[in-house]
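Below you'll find the structure, written out as structure tokens, and then a few comments.
The values are calculated or read from the model by the stated rules, or taken from the named source; none is laboratory data. What you see is a predicted model; the values in this text were computed from it and never measured. The accessibility values were calculated without ligands, DNA or RNA, using every heavy atom of the protein model including side chains. Shrake-Rupley method; radii C 1.70, N 1.55, O 1.52, S 1.80 Å.
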Amino acid sequence: MKKQLERLLDKYYQGETSLEEEVQLKDLLKSSEGFEEEKMFFFGLKELRSEEPSKRPTPKEGRNLVNWQRYAAVMVAILSISWLFYKEYQEQKEERAYLQVVEALSMIQDNMQKGTSSLKVMDDMKHLNKTNELFRIEKIEEEKQ
């Protein structure tokens with residue numbers, strides 16, 4: 001009987017028993033001594049099956065948690081979109097400032113060229129260091145003598 005019980009247990013653990021063999025295995029476990037772990041396993045399952053579920057109220061869906069997660073997701077989405085728009089606005093602002101500086105420098109350059117072009121006449125006379133050469137005073141004095 002012990003050998004037959006061990007053979008059926010081996011077969012059961014390998015998943016090769018039929019329903020009739022499982023019934024025979026349970027009957028053998030009831031009538032034999034020893035095999036306490038196997039008895040607890042097989043008859044514990046029977047006790048678990050006989051228990052009725054407790055009549056506790058079913059928990060409500062975690063509305064607070066779910067709502068909190070929804071609000072958090074919406075806030076993250078709003079913040080990220082706002083940040084992207086702000087970054088784009090800053091880049092446009094920087095580009096406008098750059099274009100204004102370039103325009104101002106261009107105006108300064110144009111005005112500088114206007115100012116230096118009026119001094120070009122004076123630039124032509126800068127090689128004449130002496131007033132005599134400017135007014136040809138020496139040539140007139142030499143002719144008089």
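Some values worked out for this structure:
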| read-out | value |
| --- | --- |
| Selection within the range 25-39 - open to solvent by less than 70 Å² (accessible area, probe 1.4 Å) and of a type in the set (S, T, N, Q) | S32 |
| Pick from the range 57-86, criterion more than 16 Å from the chain's Cα centre (by Cα) and modelled with pLDDT of 95 or more, ranking: least open to solvent (accessible area, probe 1.4 Å) | Y86 |
